[in-house]
1. Connecting C-alpha atoms closer than 10 Å in a GNM of the chain, tell me which of Leu65, Leu271, Leu302 has the biggest fluctuation.
2. Would you kindly calculate the translational diffusion coefficient of region 96-176, applying Stokes-Einstein with the Kirkwood radius from alpha carbon pairs, for 37 °C and a viscosity of 0.692 mPa s, and quote it in µm² s⁻¹ without decimals?
3. At 1.4 Å probe size, with no ligands or nucleic acids counted, give the accessible surface of Ser86 in Å², nearest ten.
4. Between Rg and the Kirkwood Rh of region 182-228, both from Cα atoms, what is the Rg to Rh ratio?
5. Show me the helices of the chain, taken as full DSSP H stretches, that run 24 Å or more along their long axis by Cα and average -1.0 or above in Kyte-Doolittle hydropathy.
6. From the phi angles alone, apply the Karplus equation (6.51, -1.76, 1.60; θ = phi - 60°) to region 156-169 and give each ³J(HN,Hα) in whole Hz, x where the residue is Gly or Pro.
7. Using a 1.4 Å probe, how large is the accessible area of Asp114, given in Å² and rounded to the nearest 10?
8. I'd like to know how region 197-251 sits against the 2.2 N^0.38 Å rule of thumb: what's its Cα Rg over that expected value?
Amino acid sequence: MNPVPYLDLSRARRRVEPELHVRWQKILDGNAFILGPEVKEFEAAFAAFLGATAAVGVANGTDALTVALRALGVGPGDEVIVPAFSFFATAEAVVLAGGTPVFADIEPDTYNLDPADAGARVGARTVGVIGVHLYGRPFDAERLGALCRQRGLWLVEDAAQAHGARFGSRRVGTLGDLAAWSFYPTKNLGCFGDGGAVTGMDAERMAKVFRVANHGQTERYHHVEIGTNSRLDSLQAAVLNLRLRTLDQDNARRRALAEVYRAGLAGVGDLRLPPDRPDDECVYHAAQAPLPHAERAGGEVLCLPMFAELETAEAERAVEAVRAFYGA
Ligand SMILES: *Cc1c(COP(=O)(O)O)cnc(C)c1O
């Protein structure tokens with residue numbers, strides 16, 4: 001029997017390939033490589049999908065975070081609170097923007113930033129907080145938002161693992177001052193190369209985001225500040241336009257697969273399965289199961305195969321393999 005694939009991107013590719021060829025040929029014929037119609041279409045569709053005011057495509061998720069922080073004015077001497085448990089880029093972006101990351105602890109059950117611990121680390125130099133919706137699970141935007149309002153801090157969402165997730169009735173990406181997205185191929189909404197976006201609710205701030213990502217330009221060759229060059233590629237935007245259409249359906253499939261794991265692995269060995277807050281809609285970027293021993297040794301998470309095209313029978317085989325490991 002073939003091993004269960006951790007991720008098989010070719011299945012996702014096959015679903016969009018015929019239409020993608022048409023779109024890509026059009027881009028080639030029109031030489032619309034930079035900021036073309038596919039990018040405009042995606043920015044409008046993604047903002048509408050989230051209920052955000054605007055989206056600005058950028059080159060990748062790390063740039064999305066860095067550009068968002070620069071648009072918020074982060075610079076030398078500024079401290080930004082970030083969770084101690086996330087992908088490297090969350091803290092890296094603070095340094096790239098010129099600031100200093102300050103690590104706060106996570107909640108043991110959700111792996112997301114603990115608002116109480118974040119609050120305890122606010123100091124005179126703190127300017128903002130980055131919350132990460134880790135593994136597709138929304139962070140507690142109510143408590144973290146309240147902390148930020150009380151202390152006069154901005155809140156940036158690192159939503160790179162949570163495309164389509166909901167906190168209560170609201171999509172993640174509409175809960176803070178700005179949100180940063182990655183469309184790296186393995187993400188819930190992924191393209192076939194690098195890609196990213198910043199979204200936000202405030203039109204003026206989003207104009208600033210666009211300027212920072214486009215050499216500080218207000219109009220062609222009119223540069224009012226030092227920006228950078230970070231744009232979403234037209235060819236990748238075409239992939240995203242096609243894949244955005246099925247994102248909700250794909251996330252529903254991930255939740256169904258998570259139930260297969262939940263049912264099959266409950267009570268096995270020392271596995272603890274992540275809880276589901278009934279009000280929220282976790283989109284299971286990866287289904288995770290912490291191991292208490294390994295946690296003591298520095299924290300360890302077991303990521304199970306999780307992608308929309310994974311077959312139920314494959315998820316069941318993954319369950320069998322884990323059960324066999326534990327002799328269950
Ligand atoms: C993937 C990811 C990023 C960075 O995205 P890239 O597109 O790889 O630069 C940032 N934060 C989190 C939580 C991520 O998972």
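1. The residue with the greatest mean-square fluctuation here is Leu302.
2. Working: Rh = 12.9 Å.
After rounding, the answer is 254 µm²/s.
3. The value for Ser86 is about 40 Å².
4. Details: Rg = 13.3 Å, Rh = 12.0 Å.
Value, to two decimals: 1.11.
5. Working: long enough: 9-30 (29 Å, -0.96); 247-265 (27 Å, -0.76).
Sorted by number, the helices that extend far enough and score high enough are 9-30, 247-265.
6. For region 156-169, the Karplus curve yields 9, 9, 8, 9, 5, 10, 9, 4, x, 5, 10, 9, x, 8 Hz.
7. Accessible area of Asp114: about 40 Å².
8. Values: Rg = 14.5 Å, N = 55, 2.2 N^0.38 = 10.1 Å.
Output field value: 1.43.
The values are calculated or read from the model by the stated rules, or taken from the named source; none is laboratory data. What you see is a predicted model; the values in this text were computed from it and never measured. Counting neighbours? That spans all protein chains shown, and the Cβs are built from the backbone with ideal geometry, glycine included. These area figures cover heavy atoms from the full protein model, side chains too; ligands, DNA and RNA do not enter into them. Shrake-Rupley method; radii C 1.70, N 1.55, O 1.52, S 1.80 Å.
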